[in-house]
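Here is the structure we will look at.
Derivation of every value follows stated rules applied to the coordinates shown; laboratory data play no part. Here the structure is a predicted model, which means the values were calculated and not measured. Cβ: placed from backbone, ideal geometry, glycine included. Neighbour counts: every protein chain shown.
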Amino acid sequence: MQLSQDNYVFNAIQTDAAINPGNSGGPLLDSRGQVIGVNTAIRRDAEGIGFAVPADTLKRVLAALIEKGAYPHPWLGLLGYSVTPELAKTLGLPFDRGVLVAQLYRNGPTDQAGIRGAKEEVVIGNRRLLVGGDLIIAVNGQPIKDWISYLEMNVEGGDKVTVTVFRDGSEMIIQATSMAQP
């Protein structure tokens with residue numbers, strides 16, 4: 001769930017529990033009284049819809065929050081487009097899922113690993129897209145649909161990851177080391 005332009009909650013639990021501005025952070029309980037999440041946000045354009053961070057996510061990030069005061073989100077240093085069947089058809093891509101790499105952050109993990117960014121810009125309707133870069137189809141052997149969510153839930157900064165890309169008509173495997181998002 002996207003809370004703002006730069007703020008996401010992954011695998012959020014949708015709830016009808018009352019969450020009012022200023023009172024997030026309380027526990028979300030199931031019908032047996034067990035904590036299953038931490039109330040986090042409401043959807044302002046909908047009445048009575050709230051979201052909670054799952055307890056499993058909290059367990060994963062809690063040590064870093066206590067030790068550092070923040071959680072270092074994993075980062076591969078690229079900007080890309082999530083490939084949909086429609087985008088794949090329009091661009092003539094061989095896969096209808098994955099991440100089409102548009103730009104790389106200089107000296108970021110994927111730049112250092114040899115992933116390639118876009119070579120040209122095309123206009124589709126009223127949208128400009130950077131194309132011609134690698135198509136990431138899997139990370140650690142897992143087919144990628146929502147790559148940011150996959151990283152957030154399965155990778156930590158400093159982890160070595162195996163990135164499967166489609167380039168120049170064939171698949172190749174590239175090793176990269178994630179880092180904490182700057």
Only helical DSSP H runs with n ≥ 4 go in: add -39500 (n - 2.57) per run for the chain, normalise by residue count and round the 222 nm mean residue ellipticity to 500 deg cm²/dmol.
-5000 deg cm²/dmol
Order by neighbour count: GLU86, GLU171, fewest other Cβ atoms within 10 Å first, most last.
GLU86, GLU171
Determine, from the Cβ-Cβ distance of ASN107 and ARG60 and an R0 of 30 Å, the FRET efficiency 1/(1 + (r/R0)^6), rounded to the nearest 0.05.
0.60
Once fully extended, how much extra length lies between GLN142 and GLU67, figured as 0.36 nm per residue of separation less the alpha-carbon to alpha-carbon distance?
23.9 nm
Taking only C-alpha pairs under 8 Å that are 6+ residues apart, what is the relative contact order of the stretch 13-170 in percent?
16 percent
Using a 7 Å offset from the Cα along the Cα-to-Cβ direction at both ARG116 and MET153, what is the distance between the two label points in nm, to one decimal?
3.2 nm
Which whole-Hz couplings ³J(HN,Hα) result when phi for each residue of the stretch 115-130 is put into the Karplus expression 6.51 cos²θ - 1.76 cosθ + 1.60, θ = phi - 60°, listed in order with x for Gly and Pro?
5, 10, x, 4, 10, 8, 10, 10, 10, 10, x, 10, 10, 9, 10, 8
Among the lysines, which have Cα under 29 Å from the Cα of LYS89 when same-chain residues fewer than 8 positions away are ignored?
LYS119, LYS145
